[in-house]
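Visitor: To start, I am sharing the structure in question, which I have written as structure tokens.
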Amino acid sequence: MPQIQSYNMMKMYTYLLASLLSSFSLVGQNQFWQKDIEVNNANLRTPKSVVLGELEVDAPSDGFVIVKFEGNVWSSAFDRIVLAASDAESWFSNDGNIGVEAYDSNHIINYFSHSRLYPISKGLKKFYAVGQNFVELGGNGRATIKARLTVEFIASSANNQVVKAKGSIIYPVLLSSKEKRIDSLSIKNNEEGKLIVMVDGACNGDTKEELLLSSSLDGQWNQENENITMIQNVSYNTQLFEYCKIYDVAPGTQNVYLLSKKLKGDSTYDRNGYVYNFNLQFIPNGRKEFTAYHQEISHELKKNDANKTCGELIITSKDKGKALVTYIGHSQSDIKDILSLTLINTTKGFSDSTKIFAQPNVSHNNYVFYQINSIMNLQEGQNSFKIIGNFEPNSSGNGVASIYGNLIIKIVSDDSSTGIHENTAQNEADILYPNPTTGFIHFAGNNQLSSQPVLIFDQSGKLVSSNQYKVINDNSIDIQGLKNGIYFIKVSNDHRIYKVLKNSRG
């Protein structure tokens with residue numbers, strides 16, 4: 001019988017340790033940072049790229065960062081402006097960098113988005129938004145940029161591959177009305193969850209040709225596939241695009257295929273091509289501290305619709321925290337119309353920092369693709385996040401626009417910073433004191449803990465002891481023998497986990 005009890009106790013330790021490690025490695029450390037960037041009339045016709053903004057982050061552990069630079073650029077006609085997110089003060093070719101061009105003096109607004117995935121070690125690291133005008137030099141080389149630089153830190157996980165990404169150039173590729181697999185990327189997960197697929201980049205093709213892009217988990221095109229129509233520009237035959245799809249996935253290896261086919265155009269034209277960043281992110285279900293929600297959007301916007309809600313996602317939260325809110329999609333509108341789209345948290349109202357402008361550049365290409373990222377506060381109770389659409393006063397087209405896309409919200413609750421969620425019904429300081437402690441910890445108001453064994457884990461989730469420590473008669477634990485640091489304590493007949501700081505003086 002003692003052997004069976006010992007075996008069962010060991011199973012419980014192992015299960016708890018695995019749970020703590022999982023929570024610590026993936027959930028608790030995820031963080032977001034963002035900086036608004038506004039640069040007026042900057043000279044980008046320079047030998048080296050220009051740093052438009054920088055953001056320093058403090059990674060709490062080793063992991064990954066997704067760095068995004070997105071917004072609007074106003075430039076003189078016939079200039080092509082390269083814009084990129086980077087971990088250095090320059091941009092690099094062949095990683096999906098974005099070039100935007102003003103085609104004439106009446107259509108000088110362009111939207112851009114560029115993302116990169118980098119492995120990162122614990123500590124301080126800077127990331128940059130950069131730009132340069134070095135080809136297509138028909139204008140004066142100056143640009144005004146209103147944008148955001150966003151960094152999302154993702155902790156490494158022992159249980160799952162949490163992110164995968166690559167930059168690709170697929171050129172040339174012969175496309176026809178039959179779909180073709182142009183790329184693939186795999187990620188392995190041991191839990192159920194959501195798989196977010198994002199692609200941002202540019203496609204090349206012949207004038208007035210229409211291409212479709214989609215993703216698939218089985219490599220086949222079907223009615224459930226999301227697709228994007230990309231109608232080529234008349235100037236240098238390049239269309240920027242954004243793509244997003246969210247899959248509910250079971251445990252296993254997920255093979256994600258990018259598919260493309262030609263909806264209109266010459267099937268013998270062999271100079272189609274793609275330059276893009278292909279990103280996968282896995283988020284487990286049932287995690288309170290780091291969760292994701294999404295809502296697909298399809299809406300018709302009319303000129304007399306002032307501050308029209310084009311999409312909304314309502315979340316009820318038991319905790320405060322931070323939300324990384326992303327709207328990724330596209331619109332179709334007349335070439336003479338200018339749309340504005342604003343991402344808001346209704347508890348805070350409008351903010352110009354999240355407003356972007358969308359204007360088609362040529363008459364047959366009335367698609368504009370965009371992505372808006374904003375870090376917003378999450379309140380206890382109901383939270384409403386909206387994408388608001390308007391026609392700008394100087395619009396003179398037909399006043400009708402179609403808005404499509406996905407509203408995605410990733411949440412990090414305030415109590416996740418420890419890496420382990422303490423499931424307490426009341427203030428921990430009222431239950432366990434003193435905290436910090438020099439050696440003794442006392443439990444208040446619970447006379448059922450005496451002589452109970454105690455599990456103690458260090459900050460990495462390593463089991464420090466399972467039998468040396470017990471609750472003594474006055475409901476106390478003596479941890480004088482432990483080194484200074486943060487520990488997590490679990491009493492065997494108490495469902496809660498307590499975080500304690502051991503800080504001996506001298």
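Visitor: Against the empirical 2.2 N^0.38 Å scaling, what ratio does the C-alpha Rg of the stretch 61-109 come to?
Guide: Computed over Cα atoms of the stretch 61-109, the ratio equals 1.45.
Visitor: Where Rh denotes the Kirkwood radius from the mean inverse Cα pair distance, what is Rg over Rh for the stretch 265-322?
Guide: That ratio is 1.17, to two decimals.
Visitor: Now a separate question. For the stretch 41-88, what does the accessible surface come to per residue with a 1.4 Å probe? Please give it in Å².
Guide: For the stretch 41-88, the per-residue accessible area is 35 Å².
Visitor: Note the full-extension length gain between ASN222 and PHE92 as 0.36 nm times their separation in residues minus their Cα-Cα distance, in nm to one decimal.
Guide: 43.2 nm
Visitor: Another question about this same structure. Report, as a whole number in µm² per second, the diffusion coefficient that Stokes-Einstein gives for the stretch 235-275 at 37 °C and 0.692 mPa s using the Kirkwood radius over alpha carbon pairs.
Guide: Diffusion coefficient, whole number: 234 µm²/s.
Visitor: Could I ask something else about it? What's the center-to-center distance, using Cα atoms, between the stretch 249-277 and the stretch 77-143 in Å?
Guide: Spelled out, the Cα-based centre of one part sits 24 Å from the other.
Visitor: Now, a different point. Run through the stretch 45-99 and list the trypsin sites (Lys or Arg not before Pro) located in a DSSP loop whose Cβ has at most 14 other Cβ atoms within 10 Å.
Guide: Sparse-neighbourhood loop trypsin sites (Lys or Arg not before Pro): LYS48.
Visitor: Using 30 Å as the Cα-Cα cut-off, could you pick out the over-long pairs in LYS35/LYS188; LYS68/LYS502; LYS48/LYS126; LYS245/LYS320; LYS35/LYS194; LYS48/LYS188?
Guide: LYS35/LYS188; LYS68/LYS502; LYS48/LYS188
Visitor: Check which residues have an amide H placed less than 5 Å from LEU175's amide H, if you skip close sequence neighbours.
Guide: So LEU175 has HN proximity to ASN272.
Visitor: Right, something else. Counting only heavy atoms of protein chains, what accessible area per residue, in Å², does the stretch 147-216 have with a probe of 1.4 Å?
Guide: Each residue of the stretch 147-216 exposes 35 Å² on average to a 1.4 Å probe.
Visitor: Hey, another quick one. Among ALA77, ILE108, TRP91, whose Cα lies farthest out toward the positive end of the dipole of the stretch 62-172, if unit charges sit on the beta carbon of Lys, Arg (+1) and Asp, Glu (-1)?
Guide: Positive-most Cα among the choices belongs to TRP91.
Visitor: Kirkwood Rh, the stretch 125-235, all Cα pairs: how many Å?
Guide: When all Cα pairs of the stretch 125-235 are included, the Kirkwood radius is 18.4 Å.
Visitor: Hey, which lysines would be in cross-link range of LYS308, C-alpha to C-alpha under 22 Å, not counting anything within fewer than 8 residues on its own chain?
Guide: LYS336, LYS348, LYS355, LYS386
The values are calculated or read from the model by the stated rules, or taken from the named source; none is laboratory data. This structure is a prediction, so every number in the text was calculated from the model and none was measured. We place every Cβ from the backbone using ideal geometry, glycine too, and count neighbours over all the protein chains shown. Heavy atoms of the whole protein, side chains included, go into the accessibility calculation; ligands, DNA and RNA do not. Shrake-Rupley method; radii C 1.70, N 1.55, O 1.52, S 1.80 Å.
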